[in-house]
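The values are calculated or read from the model by the stated rules, or taken from the named source; none is laboratory data. In this text, all values refer to a predicted model and were calculated from it rather than measured experimentally. Because the Cβ atoms are built from the backbone with ideal geometry, glycine has one as well, and the counts that use them run over all protein chains shown. The protein model used for the area step is the full one, side chains on, heavy atoms only, and it has no ligands, DNA or RNA in it. Shrake-Rupley method; radii C 1.70, N 1.55, O 1.52, S 1.80 Å.
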Amino acid sequence: APACLLYTSGSAGRPKGVLATHRGAVNHCQWLWDTYPFAPGEVVACKTSLNFVDAVVEMFAPLLRGVPLALIPEDVVGDPARFVDALARHGVTRLLLLPALLRALLERVPNLGARLPRLRLLAFSGEALDAGLLAQALAALPGVTLLNWYGSSEVAGDVTAFDCADPRPPDAVPLGRPLSNTQVY
């Protein structure tokens, strides 16, 4: 049975609505809970439009485990300094970003790691994460778990993950391995 209607970016042709299943969303949440369990005191940033696939895990993974959300309005997300201030004020420990937004934060917010001392996990999804940007993130955010996720709206979210601390080619960021209960062809 469909869980929700999500809109694709159109990267494979034209943007369109896709009926996402409960199975895909729940599987991604379960994988996250098992692989990177929430600790007491965590706070997750919720800043993605409800129409896009990343919002499903961004909202439901924490809420279904009793972890609070910090709701960040779109106009704040669009201003890197205000966005980082909001993340710091709410004590955000987990964040999901498009690589383009990470790039904007690194370019416009000095001392990003010091400004976000509670950040423990940062996942990237929605577009390719290039090796140069990852190198900048690793330098700016020491001690933060950085994950590269890959998937699509058609499968209700991400289906592979790569822990960026793992060995990798110097010029590429792998898509990673399939999440539990998924296969990649």
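Evaluated at q = 0.15, 0.18 Å⁻¹, the base-10 log of the normalised Debye intensity for the range 84-170, with identical point scatterers placed on the Cα atoms, takes the values -0.54, -0.78.
Here the Kirkwood formula puts the hydrodynamic radius of the chain at 16.7 Å, using every distinct Cα pair. Heavy-atom accessible area for VAL77, with the other protein chains in place and a 1.4 Å probe, reaches approximately 20 Å².
Along the axis of the charge dipole computed for the range 1-117 (Cβ charges of +1 for Lys and Arg, -1 for Asp and Glu, origin at the Cα centre), the listed residues LEU102, PRO68, THR8 are led at the positive end by THR8. For ARG103, the solvent-accessible surface computed with a 1.4 Å probe is close to 90 Å², ligands and nucleic acids excluded. Among ALA172, VAL56, ALA135, whose Cα projects farthest towards the positive end of the dipole of the chain, with charges put on the beta-carbon of Lys, Arg (+1) and Asp, Glu (-1)? About the Cα centre, the residue reaching furthest to the positive side is VAL56. Summing +1 for each Lys or Arg and -1 for each Asp or Glu among the other residues whose beta-carbon sits under 14 angstrom from that of ARG120 gives 0.
Amide H to amide H, with H built 1.01 Å from N, PHE124 comes under 5 Å of LEU97, LEU147, ASN148, TRP149, counting only residues 5 or more places away or on other chains. Can you give me the % of accessible surface on the chain that is carbon or sulfur? Probe 1.4 Å, all protein chains present, nothing else counted. Answer for the chain: carbon and sulfur cover 57 percent of the accessible area. Dipole magnitude for the range 1-101: about 240 debye, using +1 per Lys or Arg Cβ and -1 per Asp or Glu Cβ, origin at the Cα centre.
Using a probe of 1.4 angstrom and keeping all protein chains present, the accessible surface of the chain works out to 52 square angstrom per residue. Overall, the chain carries a charge dipole of about 220 debye about its Cα centre when +1 sits on the Cβ of Lys and Arg and -1 on the Cβ of Asp and Glu, all other atoms neutral.
Solvent exposure of GLU127, expressed as accessible area, is near 80 Å², computed with a probe of 1.4 Å over the protein chains only. Distance between the pseudo-spin-label points of GLN183 and LYS16 (7 Å out from Cα toward the beta carbon): 2.4 nm. Modelled spin labels at LEU69 and THR160, positioned 7 Å past Cα toward Cβ, are 2.9 nm from each other.
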